[in-house]
Amino acid sequence: MDEQKIDPKIYALYDEYCHSGMERREFLRRAAAMAVVGGSGLAMAQALLPDYAAAQTVSFTDPRIKATYELYDSPGGNGEEEMRGYLVQPAGSGPFPAVLVIHENRGLNPHIEDVARRAAVEGFLAFAPDGLWPLGGYPGNDDDGKVMQRSLDRDKLMVDLLNGAKFLKDHPLSNGKLGATGFCFGGGVTNWLATEMGADLAAGVPFYGRSPEAADVPNIKAAMMVQYAEEDPRINAGKDEYEAALKANGVDYRMFVYPGTKHGFHNNSTPRYDETQAKIAWERTVAHFREHLAG
C-alpha cells in the first residue's frame, strides 16, 4: 500500500504499537475499528508491518563483504559474561574504520543486519550486537522481540551494548577509530554511548533517537550528526534542549530534520520509508564516518 494512502491515525497507532507493550492482535483490532479515509484501517495497519525479505539491499553472500556471528565478553550485562553480534567486514585485509550498528527495541532483526552489510560495502568494519542474545537471540519476529527486549534489565542491556562497542573498537580488523549509529532505541543508545565513551567514540549518527540528559552532554567528544524525522513529536520534543546543550558545550555537531518524513523513515521494510530522504540521510552518514574515522 502506498504511504500516501495510509490514514495519519493509523500511523499514530502504529507508533504506539511499536513503542509500548501493545500486542499485534490489539494493534490490528484497534485499527480495524477506526474510521479512516480512503480504505480499510485493518488493511492500512497490515501494510505497515515490516517485510524484511523484500527490503534486503545487500545479500549476506555478497562478494564485497564477509559476514559472521561473533561472541564477545560482556561482564556486568544480561548475558552472563558473553554476548553475540553480527560482524561484517569489507573485502580486503584491513584495518578498517569501525561502525557499531544498534538495533531498535526488538533485537537484531533482518533490517539491522542489512544496514550492517550496507556499512561494510562502504568500507567500514560493521558490528551489530543482539541485545536479545541472553534470551536466545532475535526470535524471528518483531512482536516477540519487542516483548523479550522489554523483559531485560535495561541498565544491563546498555552495558552489553557498551561492551559491544569496546569489542569492535579493539577488534584486530579495526583501525581503532569507532563510530556508532542506531535507529529509534538504537538512536538513543548512540546518544548515550557518546556521553559514556567520551573520546573513545570518534563519531555518532543517531537516527530519531531519544536525546541524552542535558547534564551529560559535556561528556560528548564525538563528532555528532543527529538525524530527525519531521513528523515525530515524541522524539522531537527533546530536540531543542539537546541542540542548546550541544552548542553550549562546544560539541562538533550537525543536526538535520528530513522534510515530510515520519519516525522510521530510514527503514525500507515498511511504508514509513521515504526513499529520497533515506538516501540523503545515509549518504550524509557515510560521509560523516569517512571524515571522522579515517586512519
What is the dipole size for the stretch 184-295, taken about its Cα centre, with +1 at each Lys and Arg Cβ and -1 at each Asp and Glu Cβ, in debye to the nearest 20? 180 debye
Enclosed volume per residue, in Å³, of the convex hull spanned by Cα atoms of the chain: 118 Å³
Roll a 1.4 Å probe over the protein chains and send me the accessible area per residue for the chain in Å². 43 Å²
Given +1 on the Cβ of Lys and Arg, -1 on the Cβ of Asp and Glu, and no further charges, what dipole in debye does the chain carry about its Cα centre, rounded to the nearest 20? 360 debye
Check: the stretch 32-122 dipole with +1 on Lys, Arg Cβ and -1 on Asp, Glu Cβ, in debye: 360 debye
Here the relative contact order (percent) of the chain, from C-alpha pairs under 8 Å and at least 6 apart, is 15 percent
To check you understand DSSP bridge types, tell me what percent of the beta bridges within the chain (both residues inside) are antiparallel, rounded to 5. 35 percent
Which peptide among 124-131, 201-208 comes first, and what is the full order, when sorted by highest mean count of other Cβ atoms within 10 Å? 124-131, 201-208
On the accessible surface of the stretch 43-131, probed at 1.4 Å with all protein chains in place, carbon and sulfur together account for a percent value of 48 percent
Got a number for the accessible area of Lys221? Probe 1.4 Å, square angstrom, nearest 10. 130 Å²
I'd like the distance between the alpha-carbon centres of the stretch 1-54 and the stretch 124-143, rounded to an integer number of Å. 25 Å
Mean separation of Cα contacts under 8 Å (6+ apart) over length of the stretch 47-90, as relative contact order %: 34 percent
Could you sort 159-166, 248-255, 14-21 so that the peptide with the highest average Cβ count within 10 Å comes first and the rest follow in order? 159-166, 14-21, 248-255
C-alpha long axis of helix 110-121 to longest principal axis of the chain, angle in °: 40 degrees
How high is the relative contact order of the stretch 129-285, in percent, with contacts defined as C-alpha pairs under 8 Å that are six or more residues apart? 15 percent
Cα centroid separation - the stretch 88-103 against the stretch 247-276, whole Å: 23 Å
Out-of-range pairs (alpha-carbon distance over 23 Å; input Lys221/Lys247; Lys169/Lys221; Lys177/Lys239): Lys177/Lys239
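The values are calculated or read from the model by the stated rules, or taken from the named source; none is laboratory data. Note that this is a predicted model, so its numbers are computed, not measured. As a convention, Cβ positions derive from the backbone with ideal geometry for all residues, glycine included, and neighbour counts pool all protein chains shown. Just so you know, the surface numbers come from the protein's heavy atoms only, side chains and all, with ligands and any DNA or RNA stripped out. Shrake-Rupley method; radii C 1.70, N 1.55, O 1.52, S 1.80 Å.
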